[in-house]
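Note sheet for the following structure.
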Amino acid sequence: MLELSFDDPDRLVTVTHALSTRSRIDILKLLITRNLNIVEIAEILKLPVSTVASNVKVLEAAKLINTELLPASRGAMKVCSRNYDDIHIALNINRAIPKGNVEVYEVEVPIGHYSDCEVVPTCGMANADGMIIREDEPASFYHPKHISAQIIWFRKGFLEYLLPLEIPAGAKIESLELSMEICSEAPNYDNNWPSDISLWVNGVELGMWTSPGDFGDRRGKLNPSWWLDWSTQYGLLKTWRVDNERTTLDMEKVSDVTLGQLNINQSPKLRMRIGIKPDAVYQGGVNLFGRQFGDYEQNIILKVNYTLD
């Protein structure tokens, strides 16, 4: 999440300028689901390549997107990816909130620290040094080595995590966010391999995201050198957010589930499950990425915004 305020006026001007035209907003929207090169963006938006290239430079200067030069049939192509899912702009110079100052509790949980699982092949896991269990053996998911995992994949089933919730007694929770890098799970990889991935908190389904594919068209930015080129390479960074009115996924409403339905004030921990429902239309599996795989240097992040009376 990118936070902007009057404390950094130059950054505020740069970012708001980058967001000031429809073309650049359309480019950011296209990059929600996958990375694209400039020619692909121009074809989809029906704009001249030169216009797209100019707009990409503005977005890159504002650090809203990353670009990477990759080999192409003729020379190199510039591939674009998004940096942020959320942008918050505080225009109150005192940065005060009428209901009291918002405090933030944040914890990052390694993807291998799951407390329960039920998986169906294809399945496996690896860390930066190599494979850590026998591939396509669900029973191996209970091996103690699983705590070091940096990438985990399974075709059906779920992983469940117990996340610590260390907030002061009497705090009023305003919102809860869970973010992680994920994608589908296909044999080797397949960019067109949809999967209906659901997220649950304390047994309540927050909402489902249909991953468009298992991405392997380029190497993940963080992948170790031993990882094979024809395997899954990267995912998309997805953020579920629950408040007192609804649940959103990357700022778009996905369900009517609210904080009150999660009973999160009744325990010092939170139970989070990610997986594929048995009746899902697209049962295309899950790849979950840690700090040392994929494109985003993070594990599972829990963020809770709360106020104190």
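The values are calculated or read from the model by the stated rules, or taken from the named source; none is laboratory data. What you see is a predicted model, and the numbers here were worked out from it, not measured in a lab. Backbone-built Cβ (ideal geometry, glycine too); neighbour counts: all protein chains shown. Surface accessibility is based on the protein's heavy atoms, side chains included, excluding ligands, DNA and RNA. Shrake-Rupley method; radii C 1.70, N 1.55, O 1.52, S 1.80 Å.
Here is how the numbers come out for the structure above:
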| quantity | calculated |
| --- | --- |
| Selection from region 200-212 of residues that are buried (at least 22 other Cβ atoms within 10 Å of the Cβ) and in contact with a Ser or Thr (Cβ under 9 Å, 6 or more places away or on another chain) | Leu206, Ser211 |
| Residue tally, condition outside any helix (DSSP H, G or I), surrounded by 13 or more Cβ atoms within 10 Å (Cβ to Cβ) and within 26 Å of the chain's Cα centre (by Cα), over region 39-79 | 11 |
| Failed condition for Glu106, given (1) modelled with pLDDT of 90 or more; (2) open to solvent by 40 Å² or more (accessible area, probe 1.4 Å); (3) in a helix (DSSP H, G or I) | (3) |
| Members of region 20-36 that are open to solvent by 20 Å² or more (accessible area, probe 1.4 Å) and touching a residue at least 24 places away in the same chain (Cβ under 8 Å) | Thr21, Ser23, Leu28, Ile32, Thr33, Arg34, Asn35 |
| First in region 133-149 and loosely packed, with under 13 Cβ neighbours inside 10 Å, second anywhere and modelled with pLDDT under 95 and of a type outside the set (Val, Ile, Thr), Cβ under 6 Å, 6 or more apart | none |
| Residue ID - surrounded by the most Cβ atoms within 10 Å (Cβ to Cβ), chosen from residues in region 150-173 that are touching a Phe, Trp or Tyr at 6+ places or on another chain (Cβ under 7 Å) and over 15 Å from Met272 (Cβ atoms) | Ile151 |
| Within region 1-34, tally of residues that are within 30 Å of Gly216 (Cβ to Cβ), in a loop (DSSP other than H, G, I, E, B) and modelled with pLDDT of 90 or more | 1 |
| Residue, farthest from Leu228 (Cα to Cα), within region 273-296, restricted to residues that are of a type in the set (Gly, Ala, Ser) and assigned to a loop (DSSP other than H, G, I, E, B) | Ala280 |
| Every residue from region 225-241 that is part of a loop (DSSP other than H, G, I, E, B) and over 18 Å from Asn188 (Cβ atoms) | Ser225 |
| Top-ranked residue of region 123-168 - restricted to ones that are part of a loop (DSSP other than H, G, I, E, B) and either in contact with a His (Cβ under 7 Å, 6 or more places away or on another chain) or of a type in the set (A, V, I, L, M) (or both), ranked as nearest to Val102 (Cα to Cα) | Ile167 |
